[in-house]
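Following: one structure in structure tokens, then a few remarks.
Only the coordinates and a few stated rules stand behind these numbers; no lab work does. Keep in mind it's a predicted model, so treat the numbers as computed, not measured. Note that each Cβ is placed from the backbone with ideal geometry, even for glycine, and that neighbours are counted across all protein chains shown.
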Amino acid sequence: MAANTNPIYSKSGLVGTVTVPQAAGANTKSDGTGTIATDMWLAASPAADGSWLDRIRFSHGNNTVGEASGANVYRLYLSTKNAGATAPADTKLIKEIASPTQNSDHATVPTNFIEEPLGFVLPSGMYLLVSIHANTSAHASLHIVTFGGNY
């Protein structure tokens, strides 16, 4: 590790973004089995010297006024994969987050984002993946933003 070693500070910001599309596939397994960009999504990739992950934010989007998102469970994984199929040998569950039903794209009631602290180093060669337990609706999407810093 060539940069910022005593104490360790990040050199640049990390903002990872991904959108789980409308009517996206659910992943009802929590063992790490899935396919990235089908039922698992890449939320953060580290810099060459690793990255600090501070927090992750989930927010609902919709193109139909007032449609409910449905309750869900979001799962976070550490993985050595950033594309293709994942398996329990390379992808480990680190956190589950409960999400209540919310009405998105509403004229008078805003949606509330869900923000969870992370607080760990993502080493080079490891990736943060996200899955959702239930399908998004035909008109809803889920926006995921990861905040941190690159070493």
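Relative contact order (percent) for the chain, with alpha-carbon contacts under 8 angstrom and 6 or more residues of separation?
Relative contact order for the chain comes out at 45 percent.
Dipole magnitude for the stretch 13-150: about 140 debye, using +1 per Lys or Arg Cβ and -1 per Asp or Glu Cβ, origin at the Cα centre.
Counted by neighbouring Cβ atoms within 10 Å, the residues 74, 151 run from fewest to most as 74, 151.
Residue 90: net charge of surrounding residues, Cβ under 15 Å, Lys/Arg +1, Asp/Glu -1, itself excluded? My count for the surroundings of residue 90 gives +2. Straight-line reach from residue 29: taking Cα to Cα under 16 Å and skipping same-chain neighbours fewer than 8 places apart, the aspartates and glutamates in range are 39, 90, 96. Taking other C-beta atoms within 10 angstrom as a stand-in for reagent exposure, 113, 58 fall in the order 113, 58, fewest first. By the beta-carbon count within 10 Å of each Cβ, the least crowded to most crowded order of 8, 144, fewest first, is 8, 144. The residue list 26, 89, 43 was ranked by how far each Cα lies along the charge dipole of the chain toward its positive end, using unit charges on Cβ atoms, and 89 comes out on top. Restricting the calculation to Cα atoms, every distinct pair contributes to the Kirkwood radius of the stretch 13-150, found to be 15.1 Å.
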